[in-house]
Amino acid sequence: MFNLDWTELLIIAVIAVLVVGPKELPGMLRTIGQYVGKMRKVAGEFRNQFDQAMKEAELDGVQQAIKDTKAVVNQVNPVHELKKAVLEADTTVKEISKTVDEKPGVNGATASATPAVGATVTPPPPPTSEEKRTVAQRAADAWKKAAGDESGA
């Protein structure tokens, strides 16, 4: 803190002995030591109070972050979002299955396709109820079941 060399300290000590006197010098040094100790104690208390204030400020920031996170979590409900997505997928699958059922032809064959001359055409057997359900419909039912919505399955 103070840039004092040994020579400077020696000069200060000689001046103190000359000014104060050799008899009163130990009492003066003791008094100076007590004051230095008191200043260190005050500085330590100030540092502790400052550190506590910093910790409290950090805790306030953490508490605010926790409150913000809780608010966001309360706004977002993943189960509700999942059910909503499954219902949208289900309606899309139903719309697609309606359009597939309305198209003429079976298994990709169009109505304009004509059999070769002399060939006999046998219609395919009617599909069973499980075959009518498309893969997408079965997947949507599985999603509903996984989401806990048993009403659609």
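The values are calculated or read from the model by the stated rules, or taken from the named source; none is laboratory data. Quick caveat: nothing in here was measured; it's all calculated off a predicted structure. In this analysis, Cβ positions are derived from the backbone assuming ideal geometry, glycine residues included, and neighbour counts consider all displayed protein chains.
The residues in the stretch 30-64 that are farther than 30 Å from Ala16 by Cβ and hydroxyl-bearing (Ser, Thr, Tyr) can be counted, and the count is 0.
In the stretch 101-109, is there at least one residue being at pLDDT below 90, within 30 Å of Ala139 (Cβ to Cβ), over 38 Å from the mean Cα position of the chain (by Cα) and outside any loop (DSSP other than H, G, I, E, B)? Give the derivation first.
Residues of the stretch 101-109 at pLDDT below 90: 101-109.
With within 30 Å of Ala139 (Cβ to Cβ) added as a condition, the list becomes 101-109.
From what's left, over 38 Å from the mean Cα position of the chain (by Cα): 101-109.
Next cut, outside any loop (DSSP other than H, G, I, E, B) only: 101-102.
Checking the stretch 101-109: at least one residue is at pLDDT below 90, within 30 Å of Ala139 (Cβ to Cβ), over 38 Å from the mean Cα position of the chain (by Cα) and outside any loop (DSSP other than H, G, I, E, B).
Here the stretch 25-51 is the region considered, the condition is being charged (D, E, K, R) and at pLDDT 90 or above, and the residue that is farthest from the chain's Cα centre (by Cα) is Arg30. Output the residue which, of all residues in the stretch 15-24 that are assigned to a helix (DSSP H, G or I) and surrounded by 10 or more Cβ atoms within 10 Å (Cβ to Cβ), is nearest to the chain's Cα centre (by Cα). Ranking the qualifying residues of the stretch 15-24, first place goes to Ala16.
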